Amino acid sequence: MNQASQGAAPAKKKKKKPLRRAQGWGQRVLPMAGKLLMLAVAVAVMGLMFSVLQSIGSRIVRVALSVLIIFAMLAIHFGEGISRGVDDADASRTADKLLHGGHELTPQEKAACYHPMKALCAGLVVYALPLLLALALAATAEEYTYALQDLPTWLTQSYGTRADVMGPLGAYMRSAGITLVDGVRVFVRVLELVFINLFADPQTMTAMIDRLSPLFILSYPAAYVIGYLFGPRQSAKIASMNKRAKKVAVRRAQRSHLASELVGTGGEVHYGHRKDGEQKKKKELI
C-alpha cells in the first residue's frame with residue numbers, strides 16, 4: 001500500500017486560463033472617464049459641503065469625521081473601478097465562449113474585454129491636469145508669511161484726512177491682487193477640500209498642504225485603478241457563487257422529483273411499488 005501510494009503521481013492542479021485582453025479599446029476610455037468625472041464633481045461638492053467642519057472646536061471629532069468622508073470618497077472610486085472591472089472581465093469570458101463556439105468577435109466585443117490600461121487612461125483623462133498642477137504647487141511651495149490687513153475703521157475715520165498719519169500706513173491700504181499661483185491653488189483645493197479639514201489651521205499650513213497635494217489628488221485615480229484590478233477576481237467569485245447556486249437548485253429539483261415519485265396521488269409513500277399493484281398480483285395468483 002505504501003509503495004502504491006508513493007508511486008501514485010500527485011494530482012495536477014488545473015491551470016487557470018489567462019483572461020482575454022481587450023483590443024482596440026481606445027473608444028471605451030471616454031465613457032469610463034465620463035463616469036469618473038462625475039465622481040470628481042461629487043468630490044468637489046462634498047468638500048464644499050463639509051468645509052464647515054473647520055468650525056468644530058474638537059480636533060479629534062473634526063479629524064474623525066474628515067477621515068470618514070475621505071474613506072467614503074475613496075470607496076466610491078474603488079467601487080466604480082471594481083464594477084467596471086467585473087463587467088469587462090465578464091465580457092472577456094463571454095468572448096472566449098463565443099470563440100469556442102466558432103463565433104467571430106466584432107470590434108465592439110473585442111474592445112469590451114478586460115484591460116488594465118483602460119482604467120489607467122480613464123483616470124489620467126480626468127485627473128492628469130489637477131495632478132500636474134498639484135505637482136507644480138508642491139515644487140513652488142513657500143512657508144506662510146503674514147499678509148497686511150485692512151486698517152480698522154476707527155483709524156481711517158478719525159485720521160483719514162491726516163497725511164502725517166496715513167502716509168506711513170499707506171502700505172496697509174494696498175490690496176494684493178490674485179496671482180497665477182493663487183488661481184492654480186484654488187483649482188487644486190476644490191478637489192482636495194475633504195483633506196483640508198485634517199489640518200488645524202489651513203491658512204498657516206499652506207506650504208505643507210501644497211506639498212501633500214499630489215498625494216491627495218493621486219489617491220482618487222489610484223483607488224479607481226486598484227478597484228478595476230480587483231474586477232477579474234470579483235467576477236470569478238460571482239461566477240463560482242452562481243455555479244454553486246445552480247447546483248443547489250438542481251439538487252433540490254431532483255429531490256422534489258424523487259419525492260413526488262415516492263409519494264402517491266393520495267399522499268401515501270409506496271417506496272417503488274403501490275398497494276393496487278400488490279392487489280393485482282394477488283388476484284392473478286388466485
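The values are calculated or read from the model by the stated rules, or taken from the named source; none is laboratory data. A quick note: this is a predicted structure, and the numbers were derived from the prediction, not measured. Because the Cβ atoms are built from the backbone with ideal geometry, glycine has one as well, and the counts that use them run over all protein chains shown. These area figures cover heavy atoms from the full protein model, side chains too; ligands, DNA and RNA do not enter into them. Shrake-Rupley method; radii C 1.70, N 1.55, O 1.52, S 1.80 Å.
Summary table
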item	result
Under-5 Å amide H pairs with Y114, H placed in peptide plane, nonlocal only	A22, S92
Fully extended contour minus Cα-Cα distance, from D182 to S240, at 0.36 nm per residue	15.5 nm
Mean accessible surface per residue for the stretch 63-141, computed with a 1.4 Å probe while every protein chain stays in place, in Å²	49 Å²
Accessible area of the stretch 12-133 belonging to carbon and sulfur atoms, whole % at 1.4 Å probe	69 percent
FRET E, pair R211, A72, Förster distance 25 Å, beta-carbon r, rounded to 0.05	0.50
Accessible heavy-atom area order of R93, R255, R59, highest first, probe of 1.4 Å	R255, R59, R93
Solvent-accessible surface ranking, highest first, for D88, D201, D96 at 1.4 angstrom	D201, D96, D88
Accessible-area ranking of V86, V190, largest first, probe 1.4 Å	V190, V86
